[in-house]
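Derivation of every value follows stated rules applied to the coordinates shown; laboratory data play no part. The model shown is predicted, which means the values in this text are computed figures rather than measured ones. Methodologically, a virtual Cβ is constructed for each residue, glycine included, from the backbone with ideal geometry; neighbour enumeration extends over all protein chains shown.
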Amino acid sequence: MKKGRYTVITGSGSYIPPKKVSNETFLENLFYSPEGEKIDSPTNLIISKFEEITGIRERRYADEHLVTSDLAYFASLDALESSNTDMESLDYIIVAHNFGDVRVNQKGSDFVPSLAARVKKKLGIKNPNTIAYDLIFGCPGWLQGVIQADYFLKSGDAKKALIIGAETLSRISDPHDRDSMIYSDGAGAVLLESVVSRKPIGILSHSTRSDSLEYADMLRMDKSYNPDFSGAELFIKMNGRKLYEYALITVPQVVKDAVEKAKLILNDISKVLIHQANEKMDEAILQRIFRLFGEKIIPQHIMPMIISQYGNSSVATLPTLLDLILKGKLPYQRFMKNDYLAFASVGAGMNINSFIYKVP
């Protein structure tokens with residue numbers, strides 16, 4: 001068999017903030033509807049229903065003195081150490097995020113210089129040929145960064161790339177919006193390397209789609225739902241019901257496209273690693289994927305979940321999940337040689353993507 005160039009994961013890292021925020025923390029919040037009307041239901045019932053739908057019991061918030069680029073830096077260090085990689089040998093540093101560095105007492109997004117440039121500086125990398133840039137692509141940003149890096153590495157012009165997903169969603173969530181309980185902070189990173197192999201390994205295929213014309217506003221920035229809120233800042237807003245319906249229809253097809261591009265069938269897939277957005281939604285997406293392939297039985301433990309403990313940290317959920325599995329920190333979850341993994345994400349834009357990975 002002729003040799004080919006492939007992209008493989010040689011290291012991973014994550015930063016999970018130590019501060020745990022339980023659902024009970026929100027008992028004192030006053031929640032309002034999108035129309036600005038106070039929700040009359042008792043707050044404990046609102047929280048109970050929220051947990052039932054999303055599966056989230058607690059989430060993590062970053063310490064007040066830290067910003068997103070700090071979290072990205074910590075995850076990068078972890079990934080570099082786990083792979084024994086000389087950071088000066090990196091060809092690319094790609095940081096996926098959506099809001100830049102947001103400080104606790106200064107809610108505006110800070111994008112200049114790029115977070116990737118800040119991470120490169122924090123790492124102390126001198127090499128001018130280590131290209132650092134940001135990627136804004138909604139929750140699928142980290143996965144899209146991996147897809148971009150795959151093109152760079154397969155071209156032969158690059159050998160190593162560090163792909164990071166980091167976010168502090170707690171700082172752009174409206175305390176008067178029930179959806180604020182979804183959001184979390186964190187960072188994850190992977191080191192990708194180009195290798196030559198006679199057998200296909202690493203990233204085998206990928207698929208991406210953007211439905212902006214009709215669905216771009218399902219996730220957006222807007223004022224607080226509380227009409228008496230005095231601040232001028234904007235908060236993340238979501239049309240949860242429509243997003244659920246959209247994801248259920250479109251995500252399974254994108255995953256199916258990626259599986260078929262890799263010339264595989266669903267039964268070849270050992271694990272489905274999906275963006276940790278909403279437990280019930282992710283379970284429904286998985287069921288729809290199996291239905292698309294004409295399969296009725298879903299194997300136990302095929303879809304690892306961490307949302308109950310860590311909430312939705314946007315671009316950080318997938319690399320964090322991956323890192324926890326690679327380091328043996330999730331019960332009943334591990335990868336074996338030659339396992340096929342399907343990654344998928346959906347988020348603002350609306351954007352969806354997926355890639356198929358064969359464990360070397």
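Label LYS154 and VAL196 with points 7 Å out from Cα along Cα→Cβ: what is the distance between them in nm?
For LYS154 paired with VAL196, the spin-label model returns 1.8 nm.
For a quick check, take a GNM of the chain with Cα springs below 10 Å and name the residue from LEU191, LEU321, LEU213 with the largest mean-square fluctuation.
LEU213
For a Förster distance of 51 Å, can you work out the FRET efficiency between the beta-carbons of GLU28 and PHE293, rounded to the nearest 0.05? Provide the component values of the computation, followed by the final result.
Values: r = 47 Å, r/R0 = 0.91.
For R0 = 51 Å, the calculated efficiency reads 0.65.
So if we plug the beta-carbon distance of SER89 and SER41 into 1/(1 + (r/R0)^6) with R0 = 56 Å, what FRET efficiency do we get, rounded to 0.05?
On the way: r = 56 Å, r/R0 = 1.00.
According to the calculation, E is roughly 0.50.
Please compute the length gained on full extension between ILE53 and ALA232, using 0.36 nm multiplied by the number of residues separating them and subtracting their Cα-Cα distance. Please report the intermediate quantities before stating the final value.
Details: separation 179, 0.36 × 179 = 64.44 nm, distance 3.09 nm.
Taking 0.36 nm per residue and subtracting the Cα distance, the gain is 61.3 nm.
Calculate, axis by axis, the spread of Cα positions in the range 202-358 along the three principal axes, and write the results as whole Å, longest axis first.
Largest to smallest, the principal-axis extents are 56, 35, 27 Å.
Output the pairs from LYS159/LYS261; LYS49/LYS280; LYS160/LYS337; LYS199/LYS261; LYS3/LYS256; LYS38/LYS280 with a Cα-Cα distance over 20 Å in this structure; if there are none, say none.
Details: LYS159/LYS261 24 Å; LYS49/LYS280 12 Å; LYS160/LYS337 22 Å; LYS199/LYS261 16 Å; LYS3/LYS256 27 Å; LYS38/LYS280 26 Å.
Correct reply: LYS159/LYS261; LYS160/LYS337; LYS3/LYS256; LYS38/LYS280.
Given Cα positions, please report Rg to Rh for the range 4-197, the hydrodynamic radius being the Kirkwood one.
Values: Rg = 19.1 Å, Rh = 18.0 Å.
Radius of gyration over Kirkwood radius for the range 4-197 works out to 1.06.
Please list, or write none, the aspartates and glutamates whose alpha carbon is within less than 17 Å of the alpha carbon of LYS19, excluding same-chain residues fewer than 8 places away.
Answer for LYS19, where 17 Å is the Cα cut-off: GLU58, ASP63, GLU64, ASP70, GLU167, ASP185, listed by chain and number.
Let's see if you can work this out: charge +1 on each Lys and Arg Cβ, -1 on each Asp and Glu Cβ, no other charges. What is the dipole magnitude of the range 218-318 about its Cα centre, in debye to the nearest 20? Don't jump to the answer; show the numbers that get you there.
Numbers: 13 positive and 11 negative charges, 51 e Å.
Using Cβ point charges on Lys, Arg, Asp and Glu, the range 218-318 gives about 240 debye.
Just to be sure I understand: with springs between alpha-carbon atoms less than 10 Å apart, which residue in LEU27, LEU66, LEU143 has the highest mean-square fluctuation in the Gaussian network model of the chain?
Per the Cα network of the chain with a 10 Å cutoff, LEU27 tops the list.
Over all distinct alpha-carbon pairs, what is the Kirkwood Rh of the chain in angstrom? Write out the running numbers ahead of the final one.
Details: mean 1/r = 0.0484 Å⁻¹.
In the chain this quantity evaluates to 20.7 Å.
Considering only DSSP states other than H, G, I, E and B, which GluC sites (Glu not before Pro) in the range 194-290 qualify as loop sites with at most 15 other Cβ atoms within 10 Å?
Details: sites: GLU214, GLU233, GLU245, GLU260, GLU279, GLU283; in loops: GLU233.
The qualifying sites are GLU233.
Using the beta-carbon distance between ILE249 and ASP63 and R0 = 51 Å, what value does 1/(1 + (r/R0)^6) give for FRET efficiency, to the nearest 0.05? Don't skip to the answer; put the middle values down first.
Details: r = 39 Å, r/R0 = 0.77.
After rounding to 0.05, the efficiency reads 0.80.
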